[in-house]
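Before I ask anything, let me first share the structure, which is written out below as structure tokens.
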Amino acid sequence: MPKLSSIASVVPDLIATATLAVDTRGEGFVDITGAAADFIRQAGAADGVLMLFMRHTSASLVIQENADPDVRTDLVAALRALAPAEAGWVHDTEGPDDMPAHVKTMLTGISLHVPVESGALSLGTWQGIYVAEHRSRGHRRHVVLQFLGARRGA
């Protein structure tokens, strides 16, 4: 049977919220791990949860490997194969890459939550937080960051 670690309990006394503006260069991934960690530090967070929410329908949020950039290259190729631009989509008002971007967002998601322990993101060794841009040209994307938990030093 799997072994559960000891249970830590805190009384939430801090809700901190900010919006992160992320400029993308077109289809691909932008690492926002450092910005998320800065938010946690600036908020004075200790233990709790960081929630991230993408305010767009043609870009998404993912936690993925941050060691080998070839992983992100292959992920772009996989998403292109799952939702190709030339699939005969009905919705094409904003261009041939728009509907595939909506499908890719539906597959990958627009929200994440990351545990925060002792003021640090509880990510695995090879994990990073990314904005996944699914459109072919760059955009300014907005991600709402919200921490719910205990204040550092409380």
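Between GLN42, THR125, LEU82, whose Cα lies farthest towards the positive end of the dipole of region 28-151 when Lys and Arg beta carbons carry +1 and Asp and Glu beta carbons carry -1, centred on the Cα centre?
GLN42
May I pose another question? Could you work out how much longer the chain between LEU20 and ILE110 gets when fully extended? Use 0.36 nm per residue separation minus the Cα distance between them, nm to one decimal.
This chain segment gains 31.0 nm when fully extended.
While we're here: Please work out the Cα center distance from region 84-154 to region 15-83, rounded to the nearest Å.
That distance is 5 Å.
In the set (i) 55, 38, 24; (ii) 55, 33, 25; (iii) 37, 37, 25, which value of Cα extents along the principal axes in Å was calculated from the structure you see?
Calculated Cα extents along the principal axes in Å: the matching label is (i).
So what's the angle, to the nearest 10 degrees on a 0 to 90 scale, between helix 69-82 and the longest Cα principal axis of the chain?
Between the helix axis and the principal axis of the chain, the angle is about 50 degrees.
Follow-up question, since we're still on this one. Counting other C-beta atoms within 10 Å, which of SER9, SER118, SER58 has the fewest, and how do the rest follow?
The order, fewest Cβ neighbours first, is SER9, SER118, SER58.
Can you sort THR33, THR105, THR125 so the residue with the fewest Cβ neighbours within 10 Å comes first?
Neighbour counts put them in this order, fewest first: THR125, THR33, THR105.
Moving on to the next point. Mind putting a number on the dipole of the chain about its Cα centre? Charges go on the C-beta only, +1 for Lys and Arg and -1 for Asp and Glu, and I need it in Debye to the nearest 20. Show your work: numbers first, answer last.
Working: 13 positive and 17 negative charges, 90 e Å.
Here the chain has a charge dipole of around 440 debye.
Which net charge results for the neighbourhood of GLN64, defined as the other residues with beta-carbon distances under 13 angstrom from its beta-carbon, given Lys and Arg at +1 and Asp and Glu at -1?
-4
Next question, about the same structure. What's the longest piece of the chain with no exposed trypsin sites (Lys or Arg not before Pro), counting a site as exposed if DSSP puts it in a loop and it has at most 14 other beta carbons within 10 Å?
56-136
Could you tell me how many degrees, from 0 to 90 and to the nearest 10, lie between the Cα long axis of helix 33-43 and the main elongation axis, the longest principal axis, of the Cα atoms of the chain?
40
Just in region 78-154: which GluC sites (Glu not before Pro) are loop by DSSP and have at most 14 other Cβ atoms within 10 Å?
Answer in residue order: GLU86, GLU94.
Arranged by the count of other C-beta atoms within 10 angstrom, fewest first, what order do ILE15, ILE63 take?
Placing the least packed residue first, the sequence is ILE15, ILE63.
Here, each number is a calculation from the coordinates, and none is a lab measurement. Bear in mind the structure is a predicted one, so any value in this text is a computation, not a measurement. Please note: Cβ atoms are built from the backbone with ideal geometry, for glycine as well, and neighbour counts cover all protein chains shown.
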